[in-house]
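Read the structure below first, then the notes.
FYI, it's all coordinate maths here, none of it is from the lab. Predicted model, so just to flag it, every value in this text is computed and none were measured. A quick note on method: Cβ atoms are made from the backbone with ideal geometry, for glycine too, and the neighbour counts reach across all protein chains shown.
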Amino acid sequence: MKKKQLIFGFLGLLFSFGCEEKDTTFLITENSIGPLLSTTPIDDLETIYAQDSIVKDTLRLNIGTKNKKIKIFEKGGKHLLTLSPNLDSVPTVENIRIFDPRYKTEKGIGLNSRFGEIQQNYNFKKVVTTLNSIVVFPKASNFYFTIDRKELPSNLQYTNKDIEAVQIPNDAKLKYLMLGWE
């Protein structure tokens with residue numbers, strides 16, 4: 001009988017180690033960022049970020065319009081995220097700009113990542129050239145990366161031509177990490 005108890009005790013101990021929950025506080029997935037889901041109503045932000053500070057824009061262009069941006073800060077004052085709500089009848093988050101480098105994708109990419117790391121982990125759907133930056137959109141993904149043109153070789157910083165992924169240096173730093181839900 002003692003032998004069975006030892007075996008079951010050992011199996012229970014192994015099972016408890018194998019089922020350890022992963023901390024998702026700063027995990028970016030296709031449908032979530034930390035505790036925030038793509039389906040979360042804006043009205044639930046106060047509950048989700050009860051331990052943090054929420055700052056809403058007070059500028060309203062028309063009477064009855066919703067806040068333009070919602071900023072989330074840690075209690076210590078560190079800027080975590082800026083959220084842009086959609087204008088649906090039950091507003092949810094449409095776009096998120098990530099400010100805290102602790103947030104990382106499931107593949108380990110965050111604000112401190114370099115373009116080479118992104119290129120190793122994702123295939124690109126498109127690269128968009130803007131006046132001051134390059135925006136990289138991975139295939140089948142809701143997030144996108146912005147790289148400042150200052151990170152490009154000097155002959156490409158001021159060109160009017162479209163920039164391709166192969167022209168972006170591997171050591172180029174990210175300027176923005178964004179997540180967009182429709």
**OP:** Would you mind checking K71/K161; K56/K126; K68/K150; K75/K126; K22/K71 for any pair whose Cα atoms are more than 31 angstrom apart?
**Re:** K71/K161; K56/K126; K75/K126
Subject >> Dipole magnitude of the range 99-182 about its Cα centre (Cβ charges: Lys, Arg +1; Asp, Glu -1), debye to nearest 20 >> reply: 20
Original post:
Which whole-number percentage describes the relative contact order of the range 27-180, with Cα contacts under 8 Å and a sequence gap of 6 or more?
Top reply: 19
Original post:
What is the extension gain from D162 to A140, computed as 0.36 nm multiplied by their sequence separation minus the C-alpha to C-alpha distance, in nm to one decimal?
Top reply: 5.7 nm
Subject >> Where only alpha carbons of the range 27-180 are counted, the Rg and the Dmax (Å) >> reply: 16.9, 49
**OP:** Note the direction-averaged projected area, equal to a quarter of the hull surface, for the Cα convex hull of the range 134-182, in nm².
**Re:** 3.9
Original post:
Can you pull out the trypsin sites (Lys or Arg not before Pro) in the range 153-182 that DSSP calls coil and that have at most 16 other Cβ atoms within 10 Å?
Top reply: K161
Subject >> Residues V90, V55, V127, sorted so that the one with the fewest Cβ neighbours within 10 Å comes first >> reply: V90, V55, V127
Original post:
Gap in Å between the Cα centre of the range 133-182 and the Cα centre of the range 23-55?
Top reply: 26
**OP:** Determine, for V128, V166, V135, the number of other Cβ atoms within 10 Å of each Cβ, and report the residues in order from fewest to most.
**Re:** V166, V128, V135
Original post:
If we count other beta carbons within 10 Å of each Cβ, what is the order of K139, K22, fewest first?
Top reply: K22, K139
**OP:** Subtracting the Cα-Cα distance from 0.36 nm times the residue separation, let me have the gained length for K150 to E74 in nm, one decimal.
**Re:** 24.3 nm
Original post:
Taking the Cβ-Cβ separation of T29 and V55 as r and a Förster radius of 22 Å, what is the calculated FRET efficiency to the nearest 0.05?
Top reply: 0.30
